[in-house]
1. Can you find, among 165, 39, 144, the residue farthest towards the positive end of the dipole of the chain? Put +1 on the C-beta of Lys and Arg, -1 on that of Asp and Glu.
2. Which percent of Cα-Cα pairs in segment 147-209 sits in each 5 Å bin, short to long?
3. So how strong a dipole does the chain carry about its Cα centre when Lys and Arg Cβ are +1 and Asp and Glu Cβ are -1, to the nearest 20 debye?
4. With a ≥ b ≥ c the root eigenvalues of the C-alpha gyration tensor of the chain, is it rounded (a/c under 1.5), prolate (a/b larger than b/c) or oblate?
5. First select every other residue whose beta carbon is under 10 angstrom from the beta carbon of residue 163; then total the charges, Lys and Arg +1, Asp and Glu -1.
6. What FRET efficiency do you get for residue 188 and residue 36 if R0 is 25 Å and r is their Cβ-Cβ distance, rounded to the nearest 0.05?
7. Can you give the relative contact order of the chain as a percent, counting alpha carbon pairs under 8 Å and 6+ residues apart?
8. What FRET efficiency, computed as 1/(1 + (r/R0)^6) with R0 = 35 Å and r the Cβ-Cβ distance, is obtained for residue 85 and residue 169, rounded to the nearest 0.05?
Amino acid sequence: MLNYFSRFLVAFPVNFYGAIEMVGENGQIVYWLNDSLYLNITNRCSNRCYFCFRHYWNGIAGFKLKLRNEPSSEEVIEDLRQHVSRRRWKEVVFCGFGEPTIRLNCIIEVTEWIKCYHPYLKVRLNTNGHGLLLNPERDVVAELKKSGVEAVSISLNGHDEDTYNRVCMPVFNDAYKSVLRFIREAKNASLDTEVTVVRIPEVDIKRIQDLASNLGVKFRVRELISCFY
Ligand code: SF4
């Protein structure tokens, strides 16, 4: 099953998002917005949200984020090394034109490097919450925590399973339940956990806010710039 999805996910950006194909120079790995440094480690995603920013833009704030090739952990670290000392960043965030937990090893290796050489820097993961389905053989949340990831922002664009499936069109049948499980596991592991939702008409924001409250995690509404949360 994993092999099936792995093949799907590799092909996904081309099959479903023709515009994601690179024709010019490679996209940016490290980019920044305000005082946060962002890491764009993949363009693959296990959702196909109808509102996805990647349908309409090549990047954000002048940074091109469409990758010709996914960078190795070493390449991410090398690029990070060039930028990490430019100012006092508030945090480093795994967040780009795809779902970072598709590359769990890369997240872990880069986070370990950050915690070794810049331990004061907070590391946050922005995720669609599919990490458990994407890495079924692994203890994903425990590994993230052990590497030094301190915070996770999990997007939940659906107040119930049916809405989630219509809006996000996940490649996994049971994605919604797994996102909820990911949120619970992150909270139980004492990660600084927040649920985020994009303001779109299909979603009952109050119900997701209540759900976050019941789960005991933070909640944040994002305006419609879908990949940057
Ligand atoms: S909005 Fe985020 S989760 Fe949805 S398809 Fe785009 S990258 Fe994936």
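Every number here is computed from the coordinates shown, using simple stated rules; none is lab data. Model, not experiment: these values are computed from the prediction. Cβ placement follows ideal geometry from the backbone for every residue including glycine, while neighbour counts extend to all protein chains displayed.
1. Working it through, the farthest residue towards the positive pole turns out to be 39.
2. Going out from 0 Å in 5 Å bins, segment 147-209 shows 4, 18, 27, 23, 17, 9, 3, 0 percent.
3. Approximately 420 debye in magnitude.
4. It comes out rounded by the Cα gyration axes.
5. -3
6. 0.45
7. After rounding, I find 19 percent.
8. Using R0 = 35 Å, I get an efficiency of 0.30.
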